[in-house]
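Asks: A single structure is presented below for examination.
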Amino acid sequence: MSTTPISGTTPTPAPAAEMVTVTIDGQTQQFPKGTVLLEACNQMGAGVPFFCYHPGLSSPAVCRQCLVDVKGQPKPVPSCYTPVADKMEVMTKSPRALDVRRQMLEFTLVNHPIDCPICDKAGECMLQKHYFDWDAKLARNDGIKVKKAKVVDVGPRIVLDQERCILCTRCIRVCDEVAKNHQLEMADRGDHEILTTAPGHQLDNPYSLNTVDVCPVGALTSKDFRFAMRAWELYTTPSICPGCATGCNLEVHHSRGKIQRLIPRQNDQVNKHWMCDEGRLTYKRVHPTVGNLEGVPEPSRDGLRAAEPHYAHAPRLAAPMSGGSPVEWDKALDDAGRVLRAALDAGSSSVGVVMSAQSTNEDLYALARLTFDHLGLAEAYLSGLDQGWSDDILVSADKNPNTAGAMAIGAGRLRTLLDLANDLKSGAVTTLLVVGTHGVLGKDGAGALPLDRLQTLVVIGTHRDAVAAAAKVALPLTEWAESDGTFTNRLGMVQRVRAAVPAAGDSLPGWEILSHLARKLGATMEFTEAKAVFAEAKQKLAFMKDADWGRPLLPVQLRFAGSRG
Amino acid sequence: MDTHDGPLVPPQNRRVVLGFKEAEDLDAPDLPTESLPLNMGPSHPAMHGTVRMVLEVEGEKISNVDIQIGYLHRCFEKESESATWTQVFPYTDRLNYISPMLNNVGYALAVEKLMGITGDIPERASYIRVIVGEVSRITDHLTCLGASAMELGAFTVFLYALKAREWLFELLEEVCGARLTSSYLRIGGVSFDLPEGFGPKLLDILGRTRIVMSDIGKLLDRNRIFRDRMDGIGIITKEDALAYGITGPVGRSTGLAYDVRKDHPYLVYDRFDFDVPVGSVGDNFDRYAVRVEEIAQSMRILEQALATIPAGPFMVNNPRVALPPKSETYNSIEAMIAHFKIIMDGVHVPAGEVYSYTEAGNGELGFYLVSDGSGRPWKCRVRPPCLPATAVLTKVLPGLFIADVVPTFGMINMIGGECDR
């Protein structure tokens, strides 16, 4: 559990630095020496526009959109490229600064295609925002626009529209500085300048979709999200990526109960501004049919592995199943309670419980209470997805979002799936309760677990996979984006997961199913909301001592949330 | 503990009336009686819109009344919080749906006041707003008069009034494409200019409407049945009108000479010569007479406005408020973006709050708006003018007969769309 360095330049140095006094639009304020002037201006509320600058990347000052007047300077200066200096006097709204910025916008728009109605970025486009905020004048130029390629297949997950590109080079710098892989280039000159990949190469690094996020216009679009949904109609809910142990902070963008895309959310301690492509497609397991891409594309040819498909998108388990047919919740819980009770009465040593490192802390806590406190079992098994590829940027080899939480809640009482396989083969375990089926059977689905040796299998799972099919009773469980809870990442940070979309079918959160099941088994575990489970776990468990549940949030529609830019 | 050791009422005084009654029992002074609760509405032909009155009657006489509003509540105010500022216009059409233009005017003026662009609105737009507003006021009053007369048995009056209203609705349809759901105004002006030949057409309709009004007057003013049910019935005092906050024709019928157009002139009302009619008794007939006179005054305003309306733009010259011309939108990226931002993100209104009020068909229509600086209202509250007038009925109706509810309620002109929002 070490802190992994994340690439990208840091615009604002540590606060211990020497302070300088700067006057911006008549207001005087102290800033740490070396602060980028653009950041300083916008901290003061000047709202200086920019295209090529990004707080997580280096500044080339190519777009000239952030020009401001500095007293004593003969020409307006690009504020993204200028560090603050002592006694600097800055005018962000002088007539000249406003005029040059307006001229830059006019210049940028000369060859911009009239694409807003069909552009995926419309509604969250920085060009739209800046033009409307700072110019809003009608066109003075009715010349013929330079034609460029509209649909360039630059990689497995991205399409480029060269006409829309405003040549800010942010995408190039994301590849260079975040993915550490130079895959994009500028070619040609003047109004014929284009963004392109080198011949025979493609944009396929594992962080390529970050280029779509940082693109200020709709030049780079995600194949998965392309034409799927108008951006301004999406609602946003903050959450955590379930793809690996890093726990990247993200926003779930959803509409009408379906997740449409996942977008990174800034957290300087975890993922800064970025997220891997594999993580962005983890929503597919919640809604196997949403989006354009079938699954995660195959690894790329250059050894830098792109995303690997690590789960089959089986359909969701929508209703409780007993004996292979759908039944009401009451009947399913009765049946599950009866078979488990019978097995426990026959001897609790033959009963096994499988926890999942994919579950939230709350589900794990409820399951641990049931297993160890109420049923009196000494040990449980921990399942999870197999180890996968990793890098020193964001991706962790541990493909489970809550291994740290599961280990802490298990507190030395957890055994591996290998142990479970042996116990099944030897006949030591004849009854099994599985909560969360991701990875129980291994990557290829066949698995080494001889489930057919079991007399009784009760599954609480999200999908109609092979484990659920083998179960005597299968109870539908919500996916991560459908329930509230917390994940503990590899740094030990307890991060909040929020329900963004309604639960699939009749599925319920794990802690709720386990509360009902506990009652059927004669134990009392009366949880009525996830927050109550969290509060109890926080009292009992040392690693959750400083965790915060956060305030309740209503999803905000992006059109009213301001342009993300 | 229970200590009484005998009946409380001496047995010789007790008389129990069972199913069978002797003739003398019915005249007996101590015949047990009780008041009867009687439901009027929510679905009743005389309950305009949907409103429920629970009357407590003793015989034909009303002893108490409980007015239950809210059957037409459709979350207008809450709904507005997830629509852009411009998208609220269609909702305002459905407030007082007999005079939608006046609601459009009230809302547009409120948003413009909050944005501080009231002074930038072109003169022609202000004139157009006055014209369509006054046409709407006439349709509002015609509907109220016609419907009330019909409920008192004068069906002909209803047909005459609605005939004239239809002429005006058809004219408004030429202006904005809809008889009723007009959504004609925009923040900063109106959506289209007046159609060709609008002035002569309106003058012609006004002439014909004058004849209709004269016919209605002949049918009603000296009509025994009508006068008996209007005169001295449902009297609202001036003090009550002030205490309840009643404005509009109902308030003016009590002698309260308050008209927002005169007392706090907005748009270009200060340029026109018109009178504010007031009543002296505050009964149903005064309310009828005030409305009849207001129709005549609205016609005066319309004639003056048509004579003096200037040429020029009908939308404010502000690219962040007014949509660019369609030809520009389709042919330049600049106008395309402007169009997109105004439609999708909404016109941005600076953070702040405002109360703005205008004279609508039923009185002072107020909009209290709060903006957080985004493209949609943070809060949009309406002061419905017919709510106080409906409230005062609990004081006016007791003591009247059941039959008096019909003309009194009709003359209050409670409109569910506006009152319940």
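We did not get these values from a lab; they are worked out from the coordinates using the rules stated. Keep in mind that this is a model prediction, so the values were computed, not measured. Note that we place each Cβ from the backbone using ideal geometry, even for glycine, and neighbour counts take in every protein chain shown.
Asks: State the Cα centre-to-centre distance between the range A:201-228 and the range A:481-504 in whole Å.
Replies: 26
Asks: Can you list which of the trypsin sites (Lys or Arg not before Pro) found in the range A:513-565 are DSSP loop residues with at most 10 other C-beta atoms within 10 Å?
Replies: On the way: sites: A:Arg519, A:Lys520, A:Lys531, A:Lys538, A:Lys540, A:Lys545, A:Arg559, A:Arg564; in loops: A:Lys545, A:Arg564.
Passing sites in the range A:513-565 are A:Lys545.
Asks: Taking the 0 to 90 degree range and rounding to the nearest ten, how far is the long axis of helix B:100-115 tilted relative to the main principal axis of chain B, both from C-alpha atoms?
Replies: 60
Asks: Across the residues of A:136-144, average count of Cβ atoms on other protein chains within 10 Å? Before the final figure, lay out each step's value.
Replies: Working: counts 11, 4, 8, 8, 2, 2, 2, 0, 0.
That average works out to 4.
Asks: OK, next. So what is the diffusion coefficient of chain B in µm² per second by Stokes-Einstein at 4 °C and 1.567 mPa s, using a Kirkwood Rh over Cα pairs? List each step's numbers first, then the result.
Replies: Values: Rh = 23.5 Å.
It diffuses with D of about 55 µm²/s by this estimate.
Asks: Give the Kirkwood hydrodynamic radius (Å, one decimal) of the range B:35-165, defined as one over the mean of 1/r across all pairs of different Cα atoms.
Replies: Every distinct Cα pair counted, the radius reaches 17.8 Å.
Asks: Please enumerate, by chain and number, the aspartates and glutamates with C-alpha under 15 Å from the C-alpha of A:Lys75, excluding those fewer than 8 residues away in the same chain.
Replies: Cα-Cα hits under 15 Å: A:Glu89, A:Asp99.
Asks: While we're on this one: At most 14 other Cβ atoms within 10 Å plus a DSSP loop assignment makes a site exposed; report the longest stretch of chain B without any exposed chymotrypsin sites (Phe, Trp or Tyr not before Pro).
Replies: Numbers: sites that count: B:Phe20, B:Phe192.
Result for the longest clean stretch: B:193-421.
Asks: Let me ask you something else. Using Cα-Cα distances under 8 Å and only pairs 6 or more residues apart, what relative contact order does the range B:45-168 have, in percent? Walk me through the numbers before you get to the answer.
Replies: Values: 100 pairs, mean separation 18.9, N = 124.
Rounded, it is 15 percent for the range B:45-168.
Asks: Let me ask something additional. Can you put A:Met493, B:Met115, A:Met355, B:Met101 in order of Cβ neighbours within 10 angstrom, beginning with the fewest?
Replies: Numbers: A:Met493 19, B:Met115 23, A:Met355 26, B:Met101 31.
Result, fewest neighbours first: A:Met493, B:Met115, A:Met355, B:Met101.
Asks: Using Cα-Cα distances under 8 Å and only pairs 6 or more residues apart, what relative contact order does chain B have, in percent?
Replies: 25
Asks: For A:Arg261, which sequence-distant residues (separation of 5 or more, or a different chain) have an amide H within less than 5 Å of its own amide H, given hydrogens modelled in the peptide plane?
Replies: A:His253
Asks: Over all directions, what mean area does the Cα convex hull of the protein assembly as shown project, stated in square nanometres?
Replies: Working: hull surface 234.1 nm².
Its average projected convex-hull area is 58.5 nm².
Asks: Over chain A, what is the mean sequence separation of C-alpha contacts under 8 Å (at least six apart), divided by residue count, expressed as relative contact order in percent? List each step's numbers first, then the result.
Replies: On the way: 1184 pairs, mean separation 73.3, N = 565.
Result for chain A is 13 percent.
Asks: In debye, nearest 20, what is the charge dipole magnitude of the protein assembly as shown about its Cα centre with +1 on Lys and Arg Cβ and -1 on Asp and Glu Cβ, if you could check? Please report the intermediate quantities before stating the final value.
Replies: On the way: 102 positive and 118 negative charges, 443 e Å.
In debye, rounded to 20, the protein assembly as shown gives about 2120.
Asks: Taking K and R as +1 and D and E as -1, what net charge do the other residues with C-beta under 15 Å from the C-beta of B:Tyr71 add up to?
Replies: Values: positive: B:Arg52, B:Arg74, B:Arg94, B:Arg421; negative: B:Asp66, B:Glu418, B:Asp420.
Once all neighbours under 15 Å are counted, the net charge is +1.
Asks: Which lysines, if any, have their Cα less than 18 Å from the Cα of A:Lys137, not counting same-chain residues under 8 positions apart?
Replies: Straight-line reach from A:Lys137, under 18 Å: A:Lys93, A:Lys129, B:Lys326, B:Lys341.
Asks: Right, something else. Over the whole of A:113-123, what's the average partner chain Cβ count within 10 Å per residue? Rounded to a whole number, please. Could the numbers behind the result be given before it?
Replies: On the way: counts 2, 9, 2, 8, 4, 0, 1, 0, 0, 5, 4.
The shielding value for this peptide is 3.
Asks: Distance from the Cα centre of the range B:53-122 to that of the range A:82-119, in angstrom?
Replies: That distance is 44 Å.
Asks: Let me ask something additional. Sort out for me the Cα centre separation of the range B:183-245 from the range B:273-331, rounded to whole Å.
Replies: A separation of 13 Å, based on Cα centres.
Asks: How do A:Cys80, A:Cys165 rank when sorted from fewest to most other Cβ atoms within 10 Å of their own Cβ? Walk me through the numbers on the way to the answer.
Replies: Numbers: A:Cys80 29, A:Cys165 25.
By the 10 Å Cβ count, ascending, the order reads A:Cys165, A:Cys80.
Asks: Which is farthest toward the positive dipole end of the range A:118-178 among A:Gly143, A:Val159, A:Thr169, measuring Cα position about the Cα centre, with Cβ charges +1 (Lys, Arg) and -1 (Asp, Glu)?
Replies: Farthest towards the positive pole: A:Gly143.
Asks: Okay, next question. Averaged across B:326-334, how many Cβ atoms of other chains sit within 10 Å of each residue's Cβ atom?
Replies: Averaged over the peptide's residues, the number is 5.
Asks: Where does each of B:Ser182, B:Ser191 land when they are ranked from fewest to most other beta-carbon atoms within 10 angstrom? Present the calculation step by step, with values, prior to reporting the outcome.
Replies: Working: B:Ser182 25, B:Ser191 18.
In order of increasing Cβ crowding within 10 Å: B:Ser191, B:Ser182.
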